[in-house]
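Have a look at the structure below, then the notes.
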Amino acid sequence: MHFYSPTLFKTNPFLYFLLIHSLFYSSTFHSLFSFVSSLFGLFQLLMDTQFHVLAVDDSIIDRKLIERLLKTSSFQVTAVDSPNKALEYLGLSGNESGKEMVGKKVNMIITDYSMPGMTGYELLKKVKESERFKDIPVVIMSSENIPSRISRCLEDGAEDFFLKPVQLSDVDKLKPHLLRSKARDFCKFQHRMLLTWYSSNSSNTSLYQSCT
């Protein structure tokens, strides 16, 4: 027996209102409403969080410039002078000091391409091979406009490629990459939370079946 009839609600909108009203105030729908409200609150919190950028450049002049531009755009910045120090900071170097810094939260990496010992491209590859950091946006900077180099970096996971000297207008392009990354993280979290909510409410199975 079906509890509701589309034809009945079309001819009697008041009954439709009573049904929606009763569903909203039922325990199941009220808990779902609270759950969704909490997710929106968490999403707003994530959007208001200050983004942390790890800047990597062996040139002190370029490093200070990108650090100043990022801070002007309200980013939290950690600047290091080599890819090896960046890997240490991320806890990917394999030495003890790196292990002590595993808890450091980074939302984006912006790195120079040409550096002694390891290139920005090699740093990009190591980050993308890491299970913990593979989804972090990486942006490459270079004073050399070499199309094949730019294409290779973008094809292998770089979000963008900036030509030096980096301008404030370039830094403004970082926010969309960060927001997309946050949105992906939030969607994964939302999916896990929704599955948890369904599994913890015994009436959800019958509710889902009746709605479909």
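Values in this text are rule-based calculations from the coordinates and carry no lab data. Model, not experiment: these values are computed from the prediction. So basically every Cβ, Gly included, is an ideal-geometry build from the backbone, and we count neighbours across all protein chains shown.
Overview of values
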quantity: Among the listed pairs Lys64/Lys128; Lys64/Lys134; Lys134/Lys164; Lys128/Lys175, those beyond 22 Å (Cα-Cα); calculated: Lys64/Lys128; Lys64/Lys134; Lys134/Lys164
quantity: Integer Hz, Karplus 6.51/-1.76/1.60 couplings in order for the range 60-74, x for Gly and Pro; calculated: 5, 5, 5, 5, 5, 5, 5, 5, 5, 5, 5, 5, 4, 8, 6
quantity: Burial ranking of peptide ranges 54-63, 169-178 (average Cβ count within 10 Å, highest at the top); calculated: 54-63, 169-178
quantity: Leu168 versus Ser114: modelled label distance in nm, points set 7 Å from Cα along the beta carbon direction; calculated: 2.9 nm
